[in-house]
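This report concerns only the one structure given below.
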Amino acid sequence: MKLSNLMIFWIALLIANPALALSTDRKQPISIEADEAMIDDAKGIAVYTGNVIVSQGSIRINSAKLTLHYTDKQTLEKAVATGKPVRFKQTPDGKKPDLHAKAHRMEYYAHKDMLHLTKEAMVWQGEDKFTGAHISYDTKRGIIRAEKGKSKTGRVSVTIQPKQ
């Protein structure tokens, strides 16, 4: 597993737009802690389970399980974090509040630059928040889409505070 592949995952995860992230995060080492780790180079997979904590600079992800899938050329193809919930946090440059996200499942598809948050998904910064059963984020184009899911009562909710 190459460090650069992991770095691509964390940079793209939820806040690929560098204007939103601490500019020094990319230059920091990546740390993964878990109760267990299994890396299978032949199958192109790495699985971390049990209180998984990933950090790089101001980025922090907590999950029950993290699975990284690699291509034959050892580039990241897909990353899946699961938990009840998976939690994400990153500090942006400037004096902006931390950016947070949570969902029961977060999937990142490297070749599509897409992040999917499913089941009780929420993204928030300060008092602004975006919730839905499923939130998709195109990290390359900066497009967010939320869906209410199959529940008749479930709805997408967006709260934006007025600018001071």
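Holding the Cα-Cα limit at 28 Å, pick out from K89/K119; K84/K163; K73/K102; K78/K163 the pairs that are longer than that. Let's see the in-between values first.
Details: K89/K119 18 Å; K84/K163 33 Å; K73/K102 31 Å; K78/K163 37 Å.
Over 28 Å apart, Cα to Cα: K84/K163; K73/K102; K78/K163.
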**Complete:** As straight-line cross-link partners of K65, the qualifying aspartates and glutamates (C-alpha separation under 13 Å, not fewer than 8 residues apart within one chain) are E33, D35, E36, E107
**Prompt:** Do any GluC sites (Glu not before Pro) in region 23-131 lie in a loop, going by DSSP, with at most 12 other beta-carbon atoms within 10 Å of their beta carbon, and if so which?
**Reply:** E127
**Item:** Nearest-10 value in Å² for the accessible area of I53, using the 1.4 Å probe
**Value:** 30
**Complete:** Restricting to aspartates and glutamates and to Cα separations under 16 Å from K129, and discarding same-chain partners fewer than 8 apart, the set is D98, E120, E147
**Request:** For region 75-121, state which trypsin sites (Lys or Arg not before Pro) are in a DSSP loop and have at most 12 other beta carbons lying within 10 Å of their beta carbon.
**Result:** K95
**Complete:** Counting only backbone N atoms under 14 Å from a point 7 Å out along Cα-to-Cβ of K27, the residues of region 51-81 in range are 57-58
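The values are calculated or read from the model by the stated rules, or taken from the named source; none is laboratory data. In this text the structure is predicted, and so the values were computed from the model without any measurement. Using ideal geometry, Cβ is built from the backbone for each residue, glycine included, and neighbour counts are taken over all protein chains shown. Accessible surface is based on the protein model in full, side chains and every heavy atom, while ligands, DNA and RNA are left aside. Shrake-Rupley method; radii C 1.70, N 1.55, O 1.52, S 1.80 Å.
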